[in-house]
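Below is one structure, written out as structure tokens; comments come after it.
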Amino acid sequence: MPPISRFQSLEEEIRYQIDILSKEREYERSEKSKSQKEKFKLRQCIWEDERFVQGETWRVSFSHPTVQNKTFPSWLAPGSPILIESENFSCFGNIHSIQNNHLVVQIRGDMDWEKERYDITEWFSETTYEQYQEICEQLLKNPDPSAYKKLSWSLGYSLSTKPTPPNKISNEKSSTKEERFFNIPDYGFIFGPPGTGKTTFLLHLASLLKTNKKTVLVLCPTNFACDHIIELSIKKGFQPIRLGNSTKIRDEILEFHIENLIQKHRDQKQISQWRNDLKNIKKKIQSWKRNFGREERAEREEQKKEAKFLLSTIRTAESNLRNQLLESCDLVVSTFSGFYNEFKRGRRFDFVFVDESTQCLDPACYMAFLSGERTFFFGDPKQLPPSYLHPDFQNQISYLERAIGIDSGERVIFLNEQFRMEPEILKFPNERFYEGKIQTHKDRKNEFKESYLGRNSKLVWIDTAGSDTEEQLGLEGTSLFNQTEIDLIQQLSKGEWGDSRITVISPYREQVERLKSLNLPILDIQTIDSFQGREADVIVISLVRSNSSGEIGFLLSPKRLNVALTRARSQLILIGDSSTVCQSKDFQSLFENFERFGEIRSIYEFLDFT
């Protein structure tokens, strides 16, 4: 059954989204402010220098002896959002780099650094809230008629003004996915269950469009997804451009970032000279003492005017270079926030592809409609939607799930062949979540070589039932951990699992943080939610829950279970207390599936409880 809308019109729904953004932002700010009272703050950082990068981007250097002593917390790392404060000043930024006792922060906007010392605190990205709110308000105040109509229809409103339906194909049953795609004139959905190659299909379509001289923008909710697309597109012969905050982009991808391409452009020599002139003027401005006479003040104001003129000249020259680069590349890839400045300038594309669209907030999907002639959403509505911190919004349904549920099927392309998992791993999620419609592609490589537990099973459940294991609350009282499961993973990682192909995922952040603190010799440790969209050869799931009442909390979410069970390529190992989790119908069926197609092993085989 398609999700039923609680709203009478698209306008009403957009106003609801504005309300969500406002409340979520205030809630996150409140939670962050509370946590700062107990957490580390980098106090009295000494302002040293600032450097103009391009556009609105500046890099500011600070020094602090604590940084040199390396006693700072985990959040003080490249990419982390921060708040910079002094007595009457505050601005937001991201950490760019840390070296010796120097901290370089990337900010947007030209600031007057009147003080010498500032406090730096962990924060969150407020800019994204502002951008999404502006997108919603634009749709309400001055909507693009075409985009508004398509968005309205996709959500089940304005049924009397239905957009042009896809062109009829003479033989619908024998038509290819490519034919169906090109016959959709406005917007559509690529429903790709795990391992069915959504991103591969996306780049295949982009390649066909490139041949037809069409412009393509790919928008993603995460930097990881953007970097992955850039990586794959390069292998397929694209000349892509990556937009977004450079502090959050992998080093090997930075070569394709717009800032780097501008810096390497042949016209950059003159711009570099202007930059040096600007730097010298800014240094002179900063060198004036706070108490100076009328003549000095007048001279300082003249220098400020000169700096402003130079900055404007540089920005105009770089904007021209930016346009040249974006118009000549094969593919533009960005997070929504990273594309926002181009969106405000009115840049549009022939096609906009939204990858991992299940995880996108609704206003991000609005932006996608406003940015292209044709818009296609790639994702899986059976997996986790975007997460909200505010308790009132925990059960929001993603735009993709609603839109696919409303659509008659004309605009939905279902990918039914998977290339990732061993058939045994696929079997349960396929039957439980996809009505058995997914098939394993005949050309899928069999990557299973040997078990990481000494036997030949691709599915293994290590049952902790009867071992007196018990879940516990972490120190902050907001997340759970299970020490017995941590001990088991630690022991196995030193012996049978001493290989980088292992990845451990768990639903609870406290469990993840405690495992990470052990510096185990395994590939990765992540929460289930953060590992959505990724895969690994061997996945170990630490379920954590173990109690006498059978309480399993958000493990009851079928979508979270689906994500967890579909990350592994060759072997899936689950660690959990069957007496607790199997009081849920889904977990009981899963346990029976492991018994039938894999094996159940007791924790007593691995840990000595005597």
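Some notes on this structure:
- For the chain, the alpha-carbon radius of gyration amounts to 1.05 times the rule-of-thumb value 2.2 N^0.38 Å expected for a compact globular protein.
- Volume per residue that the Cα convex hull of the range 482-561 spans, once the total is divided by residue count, Å³: 90
- Restricting the calculation to Cα atoms, the range 369-434 shows an Rg/Rh of 1.03 when the hydrodynamic-style radius is the Kirkwood one.
- A simple rule links phi to the HN-Hα coupling: the Karplus curve 6.51 cos²θ - 1.76 cosθ + 1.60 with θ = phi - 60°, which for the range 517-532 gives 5, 7, 6, 6, x, 10, 4, 7, 9, 9, 6, 4, 4, 6, 8, 4 Hz, with x for Gly and Pro.
- Kirkwood analysis of the Cα pair distances in the range 323-469 returns a hydrodynamic radius of 19.2 Å.
- Listed by chain and number, the lysines placed with their C-alpha closer than 16 angstrom to that of Lys305 are Lys279, Lys282, Lys283, Lys284; residues fewer than eight positions away on the same chain are left out.
- In the chain, a dipole from Cβ-located charges (positive for Lys and Arg, negative for Asp and Glu) runs towards its positive end, and of Ser398, Asn430, Pro240 it is Pro240 whose Cα lies farthest in that direction.
- Of the residues Asp350, Asp468, the one with the largest accessible area comes first in the ranking Asp468, Asp350, computed with a 1.4 Å probe on protein heavy atoms.
- Taking the protein heavy atoms of the chain in the context of the full set of protein chains, the accessible area attributed to carbon and sulfur is 45 percent at 1.4 Å.
- Ordered from highest to lowest accessible area with the whole protein assembly present and a 1.4 Å probe, Lys149, Lys264, Lys559 read as Lys264, Lys149, Lys559.
- Peptide packing: for 9-16, 601-608, 243-250, the average count of neighbouring Cβ atoms within 10 Å per residue gives the ranking 243-250, 9-16, 601-608, highest mean first.
- Accessible surface, the chain, averaged per residue in Å² (probe 1.4 Å): 47
- Relative contact order (%) - criterion: Cα under 8 Å, at least six apart; region: the range 521-599: 37
- Shown here is the pair-distance distribution of the range 192-266: with all Cα-Cα distances grouped in 10 Å bins from zero up to the longest one, the shares run 17, 50, 30, 4, 0 percent.
- For the range 425-566, alpha-carbon Rg over 2.2 N^0.38 Å: 1.09
- Solvent-free Debye calculation, one equal scatterer per alpha-carbon of the range 513-553: log10 I(q)/I(0) at 0.21, 0.32 Å⁻¹ equals -0.85, -1.24.
- Once the mean of 1/r is taken over each pair of separate Cα atoms and inverted, the range 520-581 shows a Kirkwood hydrodynamic radius of 12.5 Å.
- Dividing the mean sequence gap of close Cα pairs (under 8 Å, 6+ apart) by how many residues the range 214-352 holds gives a relative contact order of 51 percent.
- Across the chain, the mean sequence separation of Cα contacts (distance under 8 Å, 6 or more residues apart), normalised by length, yields a relative contact order of 13 percent.
- Fraction of antiparallel bridges per DSSP, the chain only, in percent to nearest 5: 40
- Calculated mean residue ellipticity, 222 nm, the chain: -12000 deg cm²/dmol, from DSSP H runs (n ≥ 4) at -39500 (n - 2.57) each, averaged per residue and rounded to 500.
- Kirkwood Rh in Å, taken over all unlike Cα pairs in the range 570-610: 11.4
- Residues Trp123, Trp113, ordered by accessible area of protein heavy atoms at a 1.4 angstrom probe radius and largest first, appear as Trp123, Trp113.
The values are calculated or read from the model by the stated rules, or taken from the named source; none is laboratory data. Predicted model, so just to flag it, every value in this text is computed and none were measured. Counting neighbours? That spans all protein chains shown, and the Cβs are built from the backbone with ideal geometry, glycine included. Just the protein is used for accessible areas: all its heavy atoms, side chains included, with ligands, DNA and RNA removed. Shrake-Rupley method; radii C 1.70, N 1.55, O 1.52, S 1.80 Å.
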